[in-house]
Amino acid sequence: MNISSPVPAAAAKFDGFDFERLHVGEAELRDIRMELYHSTGSGFHIFKNFISPDLVAHIRSVWPKNEMPPGFQLLPAANVYYPGCPNYYVRYPDGSLIFFNFLHQSPLDEATQEVSIAVHMLRNRLSGRNAFQDLSGGRALAYRVTLNRNFEEWIAPHRDHLDWDRRWEKGAFDPSRLQATLVLSERGVDYAGNGFMFQTNSGREVTLGGEVPIHPGDLLIWRYGNLHSVENVKCSDDQFGFMRILYPIHDLTDGPPPPVVPPSFGSRVVALSRDPVALTRAVLRRVKRGLS
C-alpha cells in the first residue's frame, strides 16, 4: 500500500494544492510550541486522527508476523548503526517485537515509511529545526515499529537529552528535543496495564490512554527530556498488544564494527600467566586435544 496511490475519479477533480496549503506556517505552530515547552503547558500535544482507521489497520496487518521480514537482520548485541547498515529485527520470548527501519534501506512498507517521514518533518518544525534535518547523514532517523505484549517494565522511567555532565557533547544536553509516538493500539481493548506514562511540565504523572484519551491513528509529540516510561503492559492471548511507531535519531558510525576474532593461544598464555594454576590447566587441555 502507498498513501500516494491514485484516488477515485470523483475526488481527483480537486485542484487546490499550492505552496501555501502544503506549507506549515509559524502561526499554526506557535500555540502547539507553547503547549510543549512552556512551564504551564503539558509537555505533549496530540494530533487527533493523524492517520485514518484504514491506514491504522494496514500498518497493523503488515508488521506483527511470526517470521523475520525480508531484508532484516537480527539486531547485533553491540547496537551499532552505520551508513548502509541493514534494517534490524528483535523478537522477545513473550511475543514483543521491534523493527528498526533506516531510510537508506528499501522499506518493507511504503505507507509506513511515508507516514514516518511526515511525522519526523513535523517534529522538526515544532522543535525549530529544518524539516529535512536528520533524515540522512551522520545523524539519521530510524523509525521503530514496536509491539509490546507482556512486560512489567519495558522502559524504566528516564529522561533523554538532559545529561548535564556531558553537555559539551553534541545532543547530550538539548531540552528542545522532541519525540513522537504514532499510536496504533487502544488501551483497554488491545492491551491492559499502564503502557506509556509521562510526567508533564508541571511534574504531574499521566497515563496516555488513561487520564489522557488517545486512540489508534493519533500522533503524540512530546518533550524528550520529561520523565517517561513504558510499564506494566499486559495482554491475554486474544489481545493484539501495545503497538506504536517511535522516531529516534541515531548517531551513525563510520562503518560496521570489526569482526570479533577469538584470542590466539599465545595471547591467552599471556593473559593466564598471572595465574599459574589456570595456565597449567589450559596448556594441558590443549595438549590433550593434540593442538600443541
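The range 132-232: which trypsin sites (Lys or Arg not before Pro) are DSSP loop and have at most 15 other beta-carbon atoms within 10 angstrom?
Listed in order of number, the matching sites are 159, 167, 170, 204.
Can you find, among 24, 34, 102, the residue farthest towards the positive end of the dipole of the range 17-103? Put +1 on the C-beta of Lys and Arg, -1 on that of Asp and Glu.
Comparing the listed Cα positions along the dipole, 102 ranks first.
If you rank 160, 18, 238, 190 by fewest surrounding Cβ atoms within 10 Å, what's the result?
238, 18, 160, 190
With 10 angstrom as the radius, rank 243, 197 by how many other C-beta atoms surround their C-beta, starting from the fewest.
Ranking 243, 197 by Cβ neighbours within 10 Å, fewest first, gives 197, 243.
Tally Lys/Arg at +1 and Asp/Glu at -1 over every other residue whose Cβ is under 13 Å from the Cβ of residue 96; what's the total?
Taking every other residue near residue 96 into account, the sum is +2.
Among 106, 116, rank each residue by its count of other Cβ atoms within 10 Å, from fewest to most, as a rough exposure measure.
Arranged by neighbour count, lowest to highest, 106, 116 become 106, 116.
Work through the residues other than residue 126 whose Cβ is under 15 Å from its Cβ and net out their charges, Lys, Arg +1 and Asp, Glu -1.
Charge balance near residue 126 sits at +1.
What is the dipole size for the range 80-183, taken about its Cα centre, with +1 at each Lys and Arg Cβ and -1 at each Asp and Glu Cβ, in debye to the nearest 20?
The calculation lands at about 300 debye.
Within a Cβ distance under 12 Å of residue 239, other residues only, what is the Lys/Arg minus Asp/Glu net charge?
Charge balance near residue 239 sits at -1.
Just so you know, all these numbers are worked out from the coordinates, no wet-lab data involved. For clarity, every value in this text was computed on a predicted model and none was experimentally measured. FYI the Cβ positions are ideal-geometry reconstructions off the backbone, even for glycines, and counts take in every protein chain you see.
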